[in-house]
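J.: Quick one: the structure is below, questions incoming.
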Amino acid sequence: MRDPAHITYFKLLIVRFILATVVLLWCIDSYAQQDPMYTQYMENLQTVNPAYAGSKDLLSVMAVVRNQWASLPGAPDTRTLAAHTPVGGTKMGLGLSLLSDHIGPVKQTGLYADYSYRLYFSKNRTLALGLKAGVNFYDARLTDLTTNDPNDPVFANDINRSFLPNLGVGTFFYTNSYYIGLSVPKLIENNINKNGVTVQNTSREKLHVFFMTGYVFNVNRIVKFKPSILAKYVKNAPASIDINGTVLFYDRLWLGTMLRIGDSVGGLFQLQVTNQIKIGYSYDFPTNKLGAYNNGTHEFMISYDFNPKSGRIRSPRYF
């Protein structure tokens, strides 16, 4: 009969190996996807597409907390705070987003401003063009990692507060019932330096291309159905494709499912508490081998719309 303590120790070694592999993909010159992923991305489009700023025709503030791979030590932990608003009397929109992403010894903090300009067409069709500008601060406590070779130069020094400015662009076409967008939120592939000196084996920020689309079907006066897709492409990495299907009841309650092809499945719940406040929760579980070593991913969302006109929206929007 196997010793339970031996089995527990063996599982711990596997978990540490997986975590070390994930961290290594972030710290060496790999081509892994670096931007955080979200299950409730349809409520968080501003962070990946600057053209979304101002599209709701009111000041909107949203916060997201995402705990990925629960129970796995050092697993990704992401916090996002974003706000956007139209500029009264103009065709412009402005936005601001703050992102904190932590995985193992690696921590990134980003602050970005968004600008959009909207072109109006007949039948409530709008085309928005956007610009994103900001900076990312990158920390990696590489010396805290345990390595087979204590003299490995890649892990000999920490990366402290690397200042990584960047620019992005996007376009967003929408009506009251559907949207389609394309964006590149980071155009500059910055080198991540150690103490101001470029090291051959440290990583670079990678260019991410996002495509997004969704449609709201009026099933009847009570029920609406909204399928949506978010696809992300990074050079030399598998494409990431999220497919969501959500059902809206009485313009108040959203229930939905999610499939991230080759990665995970999940479900989401969102509630329009008042005309201004919306809360949401999602849970997804890996469908790959990593699923055996964690308890899934939890994501919490809350948004608030500042509407001075008695809390009512002239043209209801579902994205």
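The values are calculated or read from the model by the stated rules, or taken from the named source; none is laboratory data. Note that this is a predicted model, so its numbers are computed, not measured. Here the Cβ is made from the backbone with ideal geometry for all residues, glycine too, and neighbour counts use every protein chain on show.
For every residue, the table says whether it meets (1) within 19 Å of Ser228 (Cβ to Cβ); (2) modelled with pLDDT of 85 or more; (3) surrounded by 15 or more Cβ atoms within 10 Å (Cβ to Cβ).
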| site | (1), (2), (3) |
| --- | --- |
| Tyr250 | no, yes, no |
| Ile261 | yes, yes, no |
| Ser264 | yes, yes, yes |
| Val273 | no, yes, no |
| Asp284 | yes, yes, yes |
| Asn288 | no, no, no |
| Met301 | yes, yes, yes |
| Asp305 | no, yes, yes |
| Ser310 | no, no, no |
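J.: Given (1) buried (at least 18 other Cβ atoms within 10 Å of the Cβ); (2) modelled with pLDDT of 80 or more, identify the lone condition not met by Lys91.
T.: (1) is the only condition that Lys91 fails.
J.: Right, here's the next one. List the number of the failed condition for Asn166; all other conditions in (1) over 22 Å from Thr39 (Cα atoms); (2) assigned to a loop (DSSP other than H, G, I, E, B); (3) modelled with pLDDT of 85 or more hold.
T.: All conditions are met except number (2).
J.: Just to verify a result, which residue in the range 24-72, among those that are in a strand (DSSP E or B) and under 21 Å from Pro105 (Cα atoms), is modelled with the lowest pLDDT?
T.: So the first thing to find is which residues in the range 24-72 are in a strand (DSSP E or B), and the list is 28, 59-67.
With the extra rule that they be under 21 Å from Pro105 (Cα atoms), the set shrinks to 28, 65-67.
Numbers: Ile28: 37, Val65: 94, Arg66: 92, Asn67: 89.
Residue satisfying both the conditions and the ranking: Ile28.
J.: Among the residues that make up the range 147-159, is at least one of them under 28 Å from Val64 (Cβ atoms) and modelled with pLDDT of 95 or more?
T.: no
J.: So, one more: Being more than 20 Å from Lys56 (Cβ to Cβ), in contact with a Leu (Cβ under 7 Å, 6 or more places away or on another chain) and among the charged types (D, E, K, R) narrows it down to one residue among Glu299, Glu205; which is it? Full working, then the answer.
T.: Numbers: Glu299 fails: in contact with a Leu (Cβ under 7 Å, 6 or more places away or on another chain).
After ruling out the rest, the residue left standing is Glu205.
Yes/no matrix, rows are residues, columns are (1) under 20 Å from the mean Cα position of the chain (by Cα); (2) assigned to a strand (DSSP E or B):
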site: Thr213; (1), (2): yes, yes
site: Asn220; (1), (2): no, no
site: Phe225; (1), (2): no, yes
site: Lys232; (1), (2): yes, yes
site: Ala237; (1), (2): yes, no
site: Asn244; (1), (2): yes, yes
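J.: Return the residue satisfying two criteria in turn: it lies in the range 73-108 and is assigned to a strand (DSSP E or B) and of a type in the set (Ser, Thr, Tyr), and of such residues it is nearest to Ser162 (Cα to Cα). So that I can check it myself, show each step before the final result.
T.: Narrowing the range 73-108 to residues assigned to a strand (DSSP E or B): 77-86, 92-103, 106-108.
Filter again for of a type in the set (Ser, Thr, Tyr), leaving 78, 80, 85, 97, 100.
Working: Thr78: 19, Thr80: 20, Thr85: 30, Ser97: 19, Ser100: 14 Å.
Ranking the qualifying residues of the range 73-108, first place goes to Ser100.
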